[in-house]
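Accompanying notes for the structure given below.
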Amino acid sequence: MIVLGIDTSGYVNAVGLADGTRVLADVAFPAKTDSLEQIVDNIDSVLKSAGLSLEDIQGIGVGLGPGSWTGIKVGVTVGKMLAFSADKPVAGIPTLEALAYAARKKSLFIYAVINSGVGDTVYAARYHTSKNGVSQEGEYFTGSIKDLVPLINEPVLLVGGDIKRYRDIILKENPLIRNKVKALEALPSGAAVACLAAVRLARGMKDNPLSLTPLYLKESTAEVFINKYKVK
C-alpha cells in the first residue's frame, strides 16, 4: 500500500513516501512562515522523485503531535485537504510513535521525547519494540525531564531532538543508571509516519477526516509556570 506521510509537529517539517513498510522517499526541511507552501512543494517533489503522482497514492498518514500546536494544525489541515480532494483514506499517527518506530531496530525499550517549548518540560511515551513495529506502554508523559528518572527501570534508548542533553540531565539526577540509558538524536520522519499509516490503513483502521484533530498534551498553566520559574 503506497502511503504519503506528513509531519509538521516541530521546527523541521517532514514528508515521506512508503510502500507498506518499504521507504520510497523521505525529506525534511525547516518550518517557516510559508510552511503550507513548502509542504505542498515538497509533496510534489517527493512524488516526482518516486515517479508517482497523487493518483497513485493509496492513503495518507498525518503526524498528530504532540509538538508545536500551530505547526501540527498545518500538517493535519493538509492531510485533510488531500484526503477530501483526492478521495484517499487518512490515518493519524502520534509523532512520538513515529519517533520510536524510526529507532525500533536499536533497542527493545524506547522513550520517545519531544520538547514542549517550555524549559526542560517534555512530552514523552515509552514503547516496546518487536518485529512488527512498536507498542506504547502506559500513558503519555508531560513534565520535567527529571521526572522521567524514577520511570527508568531497564535499559532504554531515549530518542528525539536535543536528546543527549536530556540524557545528561537524567544521569545527573541518578548516575547509577548510566549504563541503562542511551541516546539517539532524531527528528520526526515523514517516512515513519507513512509506514505506520500504511499498516493501519491496510487493517482498515482509517480516521474520519472531519473529526481528525491534533494530539494535544498540556500541563496546567500553573504547572508550566512552576517548572519554568522555580528556584534551582
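When region 103-114 is limited to residues that are at pLDDT below 95 and surrounded by fewer than 20 Cβ atoms within 10 Å (Cβ to Cβ), the one that is farthest from Gly10 (Cα to Cα) turns out to be Leu108. A residue that is among the β-branched types (Val, Ile, Thr), within 20 Å of Ala191 (Cβ to Cβ), crowded, with 21+ Cβ neighbours inside 10 Å and at pLDDT 90 or above occurs nowhere in region 123-131.
When Tyr166, Tyr140 are screened for being touching a helix residue (DSSP H, G or I) at 6+ places or on another chain (Cβ under 7 Å) and in contact (Cβ under 8 Å) with a residue 24 or more places away in the chain, only Tyr166 passes. None of Asp87, Asp120 is surrounded by fewer than 18 Cβ atoms within 10 Å (Cβ to Cβ) and in contact with a helix residue (DSSP H, G or I) (Cβ under 7 Å, 6 or more places away or on another chain) except Asp120.
The values are calculated or read from the model by the stated rules, or taken from the named source; none is laboratory data. A quick note: this is a predicted structure, and the numbers were derived from the prediction, not measured. Backbone-built Cβ (ideal geometry, glycine too); neighbour counts: all protein chains shown.
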